[in-house]
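Here the structure comes first, spelled out in structure tokens, and everything after it is commentary.
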Amino acid sequence: DGGITQSPKYLFRKEGQNVTLSCEQNLNHDAMYWYRQDPGQGLRLIYYSQIVNDFQKGDIAEGYSVSREKKESFPLTVTSAQKNPTAFYLCASSLRGGHANEQFFGPGTRLTVL
Amino acid sequence: AQSVTQLGSHVSVSEGALVLLRCNYSSSVPPYLFWYVQYPNQGLQLLLKYTSAATLVKGINGFEAEFKKSETSFHLTKPSAHMSDAAEYFCAVIVNTGGFKTIFGAGTRLFVKA
């Protein structure tokens, strides 16, 4: 079955630690995205990548970093510089970046900072 | 600036009643419009999309939405609510600002009473 997987589903982190969230897709999509979801605020775009080895900052990139070394993988690192990292993180992909394609979402990772 | 407004962060209906979730957009050019559904602790799933082929769009699970350019609206409806429809619903618009960008509304949580 084609789809997007995110791991882990739940993640706990101590303050001051970096943590990496995994996102893998086997849909052969060019574009991938990371969103942060907080109650009552909808989805906010952190980073996106339209093609391998290229990515751009979204609306709230500060304190986050990404890489796109393979087409199917787009990991997100939440660094200690992110002041309020506790949130639900969603990864998505679409067929082509820069086009009017719908996005396909993974199941999400809930990050809690202790 | 392009935006999406969902009227009502919470909507409650009785089982069997009409579901109406409101979405208005601001765009200077014809947009691509989407409705997504999110069940608790899961990713988003596409319900339906408007891409200018027809103003009345039918989606999954008995939902439909009508694009009204004069009202800049894309409201989501379902004739008869089912308990399984309880979820959060997001309206989204793709606009071309020198590259296509997806903007999500803040979401409307639908409660269905027995």
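Values in this text are rule-based calculations from the coordinates and carry no lab data. As the structure is a prediction and not an experimental result, all values here were calculated from the model. With ideal geometry, Cβ positions are generated from the backbone for all residues, glycine too; neighbour counts draw on all protein chains shown.
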Fill in the blank from the handout: Shielding of A:99-109 by other chains, given as the mean Cβ count within 10 Å, works out to 6
Exercise for the section: Mind putting a number on the dipole of the protein assembly as shown about its Cα centre? Charges go on the C-beta only, +1 for Lys and Arg and -1 for Asp and Glu, and I need it in Debye to the nearest 20. Expected result: 240 debye
Completion exercise
When the charge dipole of chain B is computed with +1 at the Cβ of Lys and Arg and -1 at the Cβ of Asp and Glu, the Cα pointing farthest to the positive end, of B:Thr72, B:Tyr50, B:Val95, is that of B:Val95
Handout entry: Distant-in-sequence amide H partners of B:Val19 (H built 1.01 Å from N, under 5 Å)
Key = B:Lys78, B:Ser80, B:Ala81
Completion exercise
HN-Hα couplings for the range A:82-91 via Karplus (6.51, -1.76, 1.60; θ = phi - 60°), in whole Hz with x for Gly/Pro, come out as 6, 6, 9, x, 5, 5, 9, 10, 10, 9
Exercise for the section: Please list, in chain and number order, the residues 5+ apart from B:Leu47 or on another chain whose amide H is under 5 Å from its amide H, with Hs placed from the backbone. Expected result: B:Trp35, B:Tyr36, B:Val37
Completion exercise
Sequence order, the range B:70-82: Karplus ³J(HN,Hα) from phi using 6.51 cos²θ - 1.76 cosθ + 1.60, θ = phi - 60°, Hz rounded, Gly and Pro as x, gives 5, 9, 6, 10, 8, 6, 9, 9, 8, x, 9, 6, 10
Handout entry: Residue-by-residue Karplus 3J(HN,Hα) for the range A:45-54, coefficients 6.51, -1.76, 1.60, Hz, glycine and proline x
Key = 7, 9, 9, 9, 9, 8, 7, 4, 6, 9
Practice task
Take peptides A:66-75, B:43-52 and line them up by average Cβ neighbours within 10 Å, highest first, as a rough protection proxy.
Solution key: B:43-52, A:66-75
Handout entry: Cut-off under 5 Å, modelled amide H: who pairs with A:Arg96 long-range
Key = A:Asp30, A:Ala31
Handout entry: Antiparallel bridge percentage (DSSP; both residues within the protein assembly as shown; nearest 5)
Key = 90 percent
